[in-house]
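Structure record follows, encoded as structure tokens.
The values are calculated or read from the model by the stated rules, or taken from the named source; none is laboratory data. Keep in mind it's a predicted model, so treat the numbers as computed, not measured. Counting neighbours? That spans all protein chains shown, and the Cβs are built from the backbone with ideal geometry, glycine included.
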């Protein structure tokens, strides 16, 4: 079964998501070699070298372990997605904690100012 995935590809100065299809490749070519060639020649786009190298590494691992390249790709993509989601969740939690901390500091600052004003008012009243 062929797997569909999206890769952010470079087109001059922009990055655009492009749909790719991955099957079980021959050992002679990078798994996305022909689609990469088509993208370059017909559309003027390029797959990041890091992505090409990652697919080659996955192909090597699949071959060495006699597992389906497609299934290994699916597993790797799910793992990356989970890690990205986890990192995004951690960042949101961190940002929320910073916001809460800032509000607490502002509230404490207001309370201190109010307490100072109350003390000053009491001192003025006592002096009279």
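Please pick out the residue among 120, 124 that is modelled with pLDDT under 80, part of a helix (DSSP H, G or I), at negative phi and loosely packed, with under 10 Cβ neighbours inside 10 Å. Step through it out loud before you land on a result.
Working: 120 fails: loosely packed, with under 10 Cβ neighbours inside 10 Å.
The match here is 124.
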Residues located in region 13-36, provided they are out of contact with any helix residue (DSSP H, G or I) (no Cβ under 7 Å at 6 or more places or on another chain), surrounded by 12 or more Cβ atoms within 10 Å (Cβ to Cβ) and part of a helix (DSSP H, G or I): 33, 35
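Please verify whether residue 80 is out of contact with any strand residue (DSSP E or B) (no Cβ under 7 Å at 6 or more places or on another chain), closer than 15 Å to residue 2 by Cβ and at pLDDT below 85, treating the condition exactly as stated.
Details: out of contact with any strand residue (DSSP E or B) (no Cβ under 7 Å at 6 or more places or on another chain): yes; closer than 15 Å to residue 2 by Cβ: no; at pLDDT below 85: yes.
No.
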Count of residues meeting criterion [out of contact with any helix residue (DSSP H, G or I) (no Cβ under 8 Å at 6 or more places or on another chain) and closer than 17 Å to residue 2 by Cβ] in region 37-66: 1
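Could we say that residue 29 is at pLDDT below 85 and under 23 Å from residue 75 (Cβ atoms) here? Reasoning before the result, please.
Values: at pLDDT below 85: yes; under 23 Å from residue 75 (Cβ atoms): yes.
It is true that residue 29 is at pLDDT below 85 and under 23 Å from residue 75 (Cβ atoms).
Can you tell me how many residues within region 63-74 are without any contact (Cβ under 8 Å) to a residue 12 or more places away in the chain and surrounded by 12 or more Cβ atoms within 10 Å (Cβ to Cβ)? Spell out how you get there, then give the answer.
Here is the first cut: in region 63-74, the ones without any contact (Cβ under 8 Å) to a residue 12 or more places away in the chain are 64-67, 71.
Okay, now just the ones that are also surrounded by 12 or more Cβ atoms within 10 Å (Cβ to Cβ), so 67, 71.
Of the residues in region 63-74, 2 are without any contact (Cβ under 8 Å) to a residue 12 or more places away in the chain and surrounded by 12 or more Cβ atoms within 10 Å (Cβ to Cβ).
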